[in-house]
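This report refers to the structure that appears directly beneath it.
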C-alpha cells in the first residue's frame, strides 16, 4: 500500500500539497472566533491544575462563593511615616479611589478598618483615618490603638510605621479580565497619583497569575521565532539548499498550526505545562526533517525522473523508522497519563496530536514539497559529512576496545542514579519561579519582608449547623487553634471572627484589657456579632454562623515548606471538637497539592514509559532480550538526569517532571536507526568491526544534527522570565546531550552483543506461504528464523528465460528455489538435452559450493525467485545465529544424504546416472 501511495505522490505531488493547504487554512481560521479574537486561552491559575472533582479544589471554589474572592491583592505604600495627618488623608483618598475601580468588591486598610470606641452602652465605629480627620491631635493615640489591636497590628501598618497596607478584594474579575484590563498597573498608578510615594509594591495571587501569563506569552514570543531562526540556520548550513529549508519551514509551521487549532478546538489552554508543546513540536519537526533530508540528499537527483525515484525511495525507506520513532515518542508522552493532573494530561494529548501531525506531514507532505520545489542537487558535501567519516573509525575502535567497561559503567550508573533519585525533593516556589529582578518577585519579597508574610491561606471551619459558631466552647476551640497557628514559624499572622468578638467585647467594656475575651453565653456572642461586627466580619464568618475562616498570612512560598506546614496543621485540625471540621485551603495550598500529585505519579509514568517502549523495541527486534538491551542506552540519560537533580538538590516540579518521559521517547529513535543499520551491515559485511564503523559513519551525522537541533531548540527556553521554563530548557538539553554520548558509545558497544533482526527487515522478506513446511532446507525453523536465514542470504529475481547457472563455470554458492520453476539441461553433442524441470524448495548448485565446476545449465522456465548463499554466508549465520545455522546444516546434510541414497539406488538398478549438478530425482 505504501508503495502505491509513494508512487502516486511522486507522480502527482501537487495533490497532497493542495490538500494540506486547504486543511491548514481551515485550521488557522478555527483559531479565531467570530470577532477575530484568538480562541486559544492562557490559564496561569494553580487550582485548575488539579482535577475538577478534587476535594481541595471543590472546597476552595466553595469558599470563594461563600466568602468572596479569598485571593486578594496586597498593596504596600511607603510614607515615612504613616502616622501624620497628611499621609492618613492620602491613605483615605487612595482607599476611596481603589473602591471606585471597576470590579473591586472591598478595600481593607486603616481608612476602612473600624476602630471601635465605646461610650457608655454605645459603640462608635469609625476608621482610623476618619477619627484622625475629626481630631488631628489624636494621631498619636490612634497609632497606639492600632498597635494594641491584635487584628490590625503588623497587618495594616508595618511595625516600623513606614508602610501602609491595602487588601483589595474583587468580585467577578477572573484571571483573563485581571490581565487584559491591567489591574496591577492601574492599582500602582492610582497609588502613585494619590500618595506621590517613591515606593509602591503590589502582590497577591491575582498579580502572580497575571505576571505568569505575561511571562508565558513572552516565552512563546521569544522561543518560537528563535527556534525558527535556528531551523533556517541549521538547515542551510547542513544541506546547502534554500528550497529544502523552505520546505522544512512550511512542514513544521503546518504542524504547529494544526496543533494550536487542536488546542483551541479541544479547549486546552496554555499554562505552565502546555506552553512547552508549541516549541517542542517545532523542535521535533526539525529533527524529523533532518532524517528525511539526510536520506533525500544522500544521492543527487537532478532530472524529474530521478527526483520521482528519490521521492519514492525516501518514503519507502523512512516509513518504518519514522513510524517507530513516532510510536516511541508518543509512548513516552502517553505514560504521563498516569499523572492525574489535568494540565499534564492536556500536555500529553496536545503533544501526541502534534507528533502525529509531524509524522503524516514528514512522510507524505515533505517528499511532495521537495519534488515540487525541484530539490535534489548535491553540489557540495553535506555539513559534517567529512568529519563524521573521519571520526567514525576512531569512535568504532574506542567502542570496541573498551566495550566491556562501557557496558559495565552503564550497568552500574543506571541503578545507582535511580537510587539517588529516591531522595529528590518535590516542590516549587511560584514566586521565586520568576527570575531574579522580575517586578512580581521583587514586590512579593518586599511585602513579605515588611509585613512578615504576603502569602494568604485560609483555614475553613465548618460546623454543618446554623448558629453553632456562636457557642462559647467552639469559639474557645477556634481561639486555641489560632494561638497554635501563631506559634508556627511560617505564620506571620492569623485572624478570625473570634478576634473580632473579643475586640468588640473589650470595646463594650470601655477598653478594659480583661474584657478582651470570649463572652460566656451564645446569646451575648451573637449580639456582639450582629450589632458590632459590621461588614468586615463577613470576611470571616457566614450569616448563618455555621462556617468560618481563619485568615493566615504565611511568610513562605516554597511548596516544600508549605507542605510541612500543611501536614502539621492538618494534624492539629484533627484535634478539634467533633462539632468542628477544619481544612486548610488557598492558592498556595492547592499548588502544594499539585506538586505532591506530580511526585506520586512520576515513577509510575516513568515505569509505564519504559515498559511500553521496551515492548515496542521487543516487537520491532522480535526479541524481548534485544528490546531490553536496546532500552539501556536510553535509560542511562534518564537515570543521569534524576541523579543530577539529587546532586544539585533541584526539586521535582510540574515542568521538569516531563523531561524523563520526553527524553526517553525521543532518544530511542536514534538507537533504533543505528541498530537496524548495524545489523544490516553486519549481515552483508560479515565483520562486526567494519559494520560498526560503517553504521557510525552513516548515523553519526544525522544523530549529531538531531541532538544539536533538539538541544538548541530547548535551550531557547533559557530566555524565559520563568525559572521553571529556564530550568526545563537547560535540564532537557543536558539530558539529550547525555543521550547523544550514550548513543555513540554505549549503543555501538551493545550492538556487537546483540543478534537482532528488525521487524521491517523480516516483513520485507517474502518467502511464500509456510516456507518452513514447503522448503526442505528450512524445515524445523520458525517463520521468523526462516526469514533471518533469507536475510543472511541474498534473495534474487530472474526473468523467464534468464540463465541462472552456466555449465562449466567456477562458483562457490548454492541456490534454493523460493518461487517459480527452472529447467535443467546439458549441452550434449551440440544439442540441448533437458534433464529435469524443478520447482519450489529445490536445492541446487552444491557441486560449485564444494569447489567443482558447474555440471549443468539452469534456466529460469518462469519468473524466478531464489535464495543464493555461499560458505561465507553460512559462517556468518553460524556465528550470529548458531541455532538457525545448526538446523540449516542438518537439513543440508539430509538433502545431500537423500540424493546420495537415490544415486546409489539408481546404480544398483543398473540405470545410468546422469552427470548433472542438481542431481535431483526426475519430477513426476
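The values are calculated or read from the model by the stated rules, or taken from the named source; none is laboratory data. Since the model is a prediction, treat every value here as computed from it, not as a measurement. Ideal geometry is used to build each Cβ from the backbone, glycine not excepted, and the neighbour counts take in all protein chains shown.
Is at least one residue of the range 858-868 under 19 Å from residue 776 (Cα atoms) and modelled with pLDDT under 85? For the range 858-868, residues under 19 Å from residue 776 (Cα atoms) and modelled with pLDDT under 85: absent.
For the range 235-251, indicate whether the set of residues that are over 21 Å from the mean Cα position of the chain (by Cα), without any contact (Cβ under 8 Å) to a residue 24 or more places away in the chain, crowded, with 17+ Cβ neighbours inside 10 Å and over 19 Å from residue 354 (Cβ atoms) is non-empty. Scanning the range 235-251, I find at least one residue that is over 21 Å from the mean Cα position of the chain (by Cα), without any contact (Cβ under 8 Å) to a residue 24 or more places away in the chain, crowded, with 17+ Cβ neighbours inside 10 Å and over 19 Å from residue 354 (Cβ atoms), so the answer is yes.
Screening residue 359 against (1) farther than 22 Å from residue 652 by Cα; (2) part of a helix (DSSP H, G or I); (3) over 25 Å from the mean Cα position of the chain (by Cα) leaves a single unmet condition, (3). Note on the range 483-512: residues that are assigned to a helix (DSSP H, G or I), touching a strand residue (DSSP E or B) at 6+ places or on another chain (Cβ under 8 Å) and surrounded by fewer than 19 Cβ atoms within 10 Å (Cβ to Cβ) amount to 1. Flag: residue 198 matches the condition of being over 29 Å from residue 257 (Cβ atoms), outside any helix (DSSP H, G or I) and touching a residue at least 40 places away in the same chain (Cβ under 8 Å).
So that you can scan it fast, the table gives a plain yes or no per residue for (1) in a helix (DSSP H, G or I); (2) surrounded by fewer than 24 Cβ atoms within 10 Å (Cβ to Cβ); (3) modelled with pLDDT under 75:
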site: 631; (1), (2), (3): yes, yes, no
site: 638; (1), (2), (3): yes, no, no
site: 683; (1), (2), (3): yes, yes, yes
site: 690; (1), (2), (3): yes, yes, no
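Which of the residues that make up the range 80-101 are surrounded by fewer than 21 Cβ atoms within 10 Å (Cβ to Cβ), touching a residue at least 24 places away in the same chain (Cβ under 8 Å) and part of a loop (DSSP other than H, G, I, E, B)? Correct list: 80, 81, 83, 84, 101.
Filter the range 27-37 down to the residues that are outside any loop (DSSP other than H, G, I, E, B) and out of contact with any helix residue (DSSP H, G or I) (no Cβ under 8 Å at 6 or more places or on another chain), then identify the one that is surrounded by the most Cβ atoms within 10 Å (Cβ to Cβ). Give the steps one after another, and end with the answer.
Looking only at the range 27-37, we keep the residues that are outside any loop (DSSP other than H, G, I, E, B), and these are 27-30, 32.
Of the ones still in play, those that are also out of contact with any helix residue (DSSP H, G or I) (no Cβ under 8 Å at 6 or more places or on another chain) are 29, 32.
Details: 29: 9, 32: 13.
Across the range 27-37, the extreme among qualifying residues is 32.
Only residues that are out of contact with any helix residue (DSSP H, G or I) (no Cβ under 6 Å at 6 or more places or on another chain), more than 28 Å from residue 517 (Cβ to Cβ) and in contact (Cβ under 8 Å) with a residue 40 or more places away in the chain were counted across the range 124-167, and they come to 4.
Can you confirm whether residue 49 is surrounded by 20 or more Cβ atoms within 10 Å (Cβ to Cβ), modelled with pLDDT of 75 or more and either at negative phi or out of contact with any strand residue (DSSP E or B) (no Cβ under 6 Å at 6 or more places or on another chain) (or both)? When the stated conditions are applied, residue 49 does not pass them. In the set (1) closer than 17 Å to residue 464 by Cα; (2) in contact with a strand residue (DSSP E or B) (Cβ under 8 Å, 6 or more places away or on another chain); (3) free of Cβ contacts under 8 Å to residues at least 60 places away in the same chain, the condition left unmet by residue 578 is number (2). Among the residues of the range 54-66, are any modelled with pLDDT of 90 or more, touching a helix residue (DSSP H, G or I) at 6+ places or on another chain (Cβ under 7 Å), surrounded by 21 or more Cβ atoms within 10 Å (Cβ to Cβ) and part of a helix (DSSP H, G or I)? No: the range 54-66 contains no residue that is modelled with pLDDT of 90 or more, touching a helix residue (DSSP H, G or I) at 6+ places or on another chain (Cβ under 7 Å), surrounded by 21 or more Cβ atoms within 10 Å (Cβ to Cβ) and part of a helix (DSSP H, G or I). Just for the range 143-172: of the residues that are in contact with a strand residue (DSSP E or B) (Cβ under 8 Å, 6 or more places away or on another chain) and over 22 Å from residue 452 (Cα atoms), which one is modelled with the highest pLDDT? Among those that are in contact with a strand residue (DSSP E or B) (Cβ under 8 Å, 6 or more places away or on another chain) and over 22 Å from residue 452 (Cα atoms), it is 170. On inspection, residue 704 does not qualify as at pLDDT 75 or above, buried (at least 24 other Cβ atoms within 10 Å of the Cβ) and farther than 29 Å from residue 781 by Cα.
In the set (1) part of a helix (DSSP H, G or I); (2) more than 30 Å from residue 369 (Cα to Cα); (3) touching a residue at least 40 places away in the same chain (Cβ under 8 Å), the condition left unmet by residue 185 is number (3).
Take the residues of the range 812-841 that are closer than 12 Å to residue 868 by Cα and modelled with pLDDT under 90: which is surrounded by the most Cβ atoms within 10 Å (Cβ to Cβ)? I'd like the intermediate steps shown before the answer.
Applying the first criterion (closer than 12 Å to residue 868 by Cα) to the range 812-841 yields 812-818.
Then keep just the ones that are modelled with pLDDT under 90; that gives 812-814.
On the way: 812: 12, 813: 17, 814: 24.
Out of the qualifying residues, it is 814.
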